[in-house]
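What follows is a single structure, written as structure tokens, with notes after it.
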Protein chains: 2
Amino acid sequence: MNARDLDAYCDAHQPRFVDELVEFCRIPSISADPAHAGDVRRSAERLAQAARDAGFATAELIETPGHPAVYAERMVDPGLPTALIYGHHDIQPVDPLEEWTSPPFEPRIVGGELRCRGAADDKGQVWMHLKAVQAHLSTRGELPLNLKLVVEGEEEIGSAHFEQLIEAEATRLRADLCVVSDTAMHGRGQPSICVGLRGVVALEVEVTGPALDLHSGEFGGAVLNPLEALSRILASLRDPGSGRVTVPGFYDDVAELTGEERAQVAAAPFDEAAFREVAGDVPATFGENGYTTTERRTVRPTLEINGVWGGYQGPGSKTIIPARAGAKITCRLVPRQQPEVIASRVRAAIEAAVSAAVRVMVTVGDGSRPVLTPMHHPGVMAASRAMKEVFGADAYRTRAGGSIHPVEMFDRLLGLPSVLVGFGLPDDRIHAPNEKFDIGQFHAGIQVLTRLWDELAVSLPKRAHAES
Amino acid sequence: MNARDLDAYCDAHQPRFVDELVEFCRIPSISADPAHAGDVRRSAERLAQAARDAGFATAELIETPGHPAVYAERMVDPGLPTALIYGHHDIQPVDPLEEWTSPPFEPRIVGGELRCRGAADDKGQVWMHLKAVQAHLSTRGELPLNLKLVVEGEEEIGSAHFEQLIEAEATRLRADLCVVSDTAMHGRGQPSICVGLRGVVALEVEVTGPALDLHSGEFGGAVLNPLEALSRILASLRDPGSGRVTVPGFYDDVAELTGEERAQVAAAPFDEAAFREVAGDVPATFGENGYTTTERRTVRPTLEINGVWGGYQGPGSKTIIPARAGAKITCRLVPRQQPEVIASRVRAAIEAAVSAAVRVMVTVGDGSRPVLTPMHHPGVMAASRAMKEVFGADAYRTRAGGSIHPVEMFDRLLGLPSVLVGFGLPDDRIHAPNEKFDIGQFHAGIQVLTRLWDELAVSLPKRAHAES
């Protein structure tokens, strides 16, 4: 398919696209901070206006008990396939602020990178979608398929009300494929399509011993220290030799990879030194024996301790045996593992590991199932062709180690498969100080998306009649 | 020796003694809080005045780079033995304030207990010493021995400048015995003399992995989590079966108890249920196999984790692999163990336990040597007789699990043995909300101290001539 007309439009309007994005990024739409609730709303309103400007027929806010989402649509013909674009307009907090080299809400372009909070995650990628639609409509007057757009305002706080929203808006959100741009490519010049996400389930452990902090001189040696008990529990959950999680039954339901899947994981090049650098200069990699680093972080389940606390954390020393100690744990899950099942197995292992000289309480938090779109799904094939045309390289089919709750919700609630075509780069520092988005990726991504609509229009099954 | 004259004086003046103590306790001399520096000074000035009022010939403040101490003396005859009284006029902070049933600096007498911060630790016990001196001088016109008094203003912040003070004032502080009232009796009606204190040494461990917090979805399973590494280190330091510290060489220098010492430890009654209650209702005791609970907390060394931190500690979940994790550890030491030696052995064990996939840094903090006054020292015998006369029971010779730095300093710097005759009770809630001091103990303690001076005057070796 020829997209020269679309490319010409995009080329001519590059500076404006960037200027608009810069303005959008000035809005500090931090969903986690109640003080920024007004900014999240402003961000939604700005986005709805931009969707109308781009050519969506309708664009409106969808209110939730938390921050508003934006919904827009342009229904061309009920007989055409329908794609639903998902993204989010809220952003991560910015602390530690002192580590930013320029203020997070004063976007700067330095060395071809747009530096600010939200540049890559996910404002830049949402903006690309608007511009791809605008390119189609400005150049050709109409889209080749029906497009819907839902942009959430609570993704960075766990999509707290998105499940409710999907349930309430199930009819409007109906589509043949969900397209998500909220991830990174495998590397620069290495396009990739993410076809799987790990699930997640969170647990919190609290160990209590004495009813109050005890003087470690008076009581030390004679009672079990909750911090010692907790350390022993946490250390017991993984075997340091094999790197395997020791929770009985943890791996029981794991779908082993097919040869083709394993080959696909292995196809994407992996550079150990580069990985260690991206992973914050860790001295060495570590993980489950018998699996590559990529497999460990994407297609194998894991159990990670996200936080531990107890006792005195200030300067100097305070000689106490603390009354309690706690830890936060999340398990990453792969296909066929169920959050509730894994949580109950981890809970049982913790309860079995604890000494009778302390008490333990395990609380299970939110969970999200793993999702996997078949590697040969027409949407994956269409995205692959669009990427190859722009980047000149075959797109790797990758699986991501993280969880994107909305993708799991679309799958579970609407039966809607997702294709994740993201244009970030692995070093974008999302969620960290000095987040950036590569301007080249921004432009290339818009080109891919303009092509994707053409490809999907012919790949996805045509509808016989209008949606009911 | 007949002390009926002294008792009659004390009986007659009981209400005044309590009123004076109440006034002294109103001063919020919290040494840890710079905002209370003026109060600590006011407390010292009030105390110096009270020492003069009690009959000390001289009483003055000794300045330090921190809070002032008070020094007083009454030299009767250079040929008589000299005792040095040690105490402290600074107090612990009061947080959490909301847990106090009455304001910590508005002393109240409820059910025979004086309730306020510092009542038992150590203002009440210092005041007893002043009143015992006053009883002697008012009744008999002179003391039977020379008395010196040093009352520190920084005990609750680790006696930061007391070593300097001892070194600068070595001549003035010279004495035959140090008498300390800053501890509790074994129980109500169960007098005890503390003859030993454990030493202590502090360490801090920091484990670092990635240079920044990593997303646990993207990296989980592929790098070693510093919290997991730290938990493994901490869990490795003690054997959960035997309850023994596993650090190689940890017990090498421990002086095993003689049969008599072990019998002495066993003599003081121990009530498991009562202990568990005092220890904050712990579900069970726990410690080194082959030793009783009392031995575990007083004559055996231990290693306790005082605090652990790392990662996310707030509400909900944050899916990170933290860049670092840390812990504070203190070891309690018993005779012949040296703080520096134990610290280096613990450090070596930690460094040996750590995986190459993370880095570890161990910092050694302050240390204090264990001290032990021989069970048959004339000062111990004198205190024992004085206690028996007042309480009608033999005093247990106990050893305390905690460390009192000044006692170790007197031993190390001046070769001065200490006898710890404290009149608190085990449930005084020192360092905690609702600290109290039993009024009956206050009066009985004054009676013991008046007798102690008589007993020491005849027990301690007479001097042939004046101090040089």
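Below is a table of values for the structure above.
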| item | result |
| --- | --- |
| Modelled FRET efficiency - R0 22 Å, B:R174 with B:D252, Cβ distances, 0.05 increments | 0.05 |
| Helix B:439-459 vs. chain B, principal-axis angle (Cα, 0 to 90°, nearest 10) | 70 degrees |
| Distance violations [Cα-Cα > 32 Å] among A:K318/B:K462; A:K462/B:K318; A:K318/B:K123 | A:K318/B:K462; A:K462/B:K318 |
| Estimated 222 nm signal from helices in chain B, with DSSP H stretches of n ≥ 4 weighted -39500 (n - 2.57), rounded to 500 | -10500 deg cm²/dmol |
| Quarter of the Cα convex hull surface for region A:28-118, i.e. its orientation-mean projected area (nm²) | 7.9 nm² |
| Neighbourhood net charge (11 Å Cβ-Cβ; Lys/Arg +1, Asp/Glu -1) for B:R347 | -2 |
| Summed side-chain charge close to A:P315 - residues other than A:P315 whose Cβ falls under 11 Å, Lys, Arg +1, Asp, Glu -1 | +1 |
| Angle in degrees between helix A:378-391 and the longest Cα principal axis of chain A, rounded to the nearest 10 | 80 degrees |
| Crossing angle, helix A:37-54 versus chain A [Cα axis fit, 0-90 degrees, rounded to tens] | 20 degrees |
| Other-copy label distances relative to B:T246, 7 angstrom Cα-Cβ extension, nm | 1.0 |
| Modelled FRET efficiency - R0 22 Å, A:D11 with A:D53, Cβ distances, 0.05 increments | 0.65 |
| Unit charges at the beta carbon, dipole of region A:397-468: most positive-side option, A:N434, A:H405, A:G415 | A:G415 |
| For region A:136-214 versus region B:43-113, the gap between their alpha-carbon centres in whole angstrom | 65 Å |
| Least to most buried among A:I109, B:I166 (fewest other Cβ within 10 Å first) | A:I109, B:I166 |
| Gyration tensor verdict on chain B (Cα atoms; rounded if a/c is under 1.5, prolate if a/b is larger than b/c, oblate otherwise) | prolate |
| B:A273/B:R188 FRET efficiency (R0 22 Å; Cβ-Cβ; nearest 0.05) | 0.85 |
| Distance between region A:15-41 and region B:393-468 - C-alpha centres, whole angstrom | 67 Å |
| Selected from A:A395, A:G307, A:T58, residue furthest toward positive end of dipole (chain A; charges at beta carbon) | A:A395 |
| Rounded to whole Å, sorted largest first: equivalent-ellipsoid semi-axes of the protein assembly as shown, Cα gyration tensor | 72, 27, 22 |
| Copies compared at A:D19 - label distances in nm, ascending, label defined 7 Å from Cα in the Cβ direction | 8.6 |
| Segment B:E98-B:E163, extension gain: residue separation times 0.36 nm, minus the distance between their alpha carbons | 19.8 nm |
| Quarter of Cα convex hull surface for region B:277-421, i.e. mean projection, nm² | 13.6 nm² |
| Order of A:H215, A:H88, A:H36, A:H129 - criterion: other Cβ atoms within 10 Å of each residue's Cβ, fewest first | A:H215, A:H36, A:H129, A:H88 |
| Cα-centre dipole for region B:96-203 with unit charges at Cβ (Lys and Arg positive, Asp and Glu negative), debye to 20 | 520 debye |
| Rough spin-label spacing in nm, given labels placed 7 Å along Cα→Cβ, for B:A348 and A:R108 | 5.1 nm |
| Prolate/oblate/rounded label for region A:259-340 (Cα gyration tensor, a/c 1.5) | oblate |
| For A:S29, A:S368, order by how many other beta-carbon atoms lie within 10 Å, fewest first | A:S368, A:S29 |
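Throughout, read-outs are computed from the coordinates displayed, never taken from laboratory work. Just so it is clear, the structure is predicted and the values come from calculations on it, not from any experiment. A quick note on method: Cβ atoms are made from the backbone with ideal geometry, for glycine too, and the neighbour counts reach across all protein chains shown.
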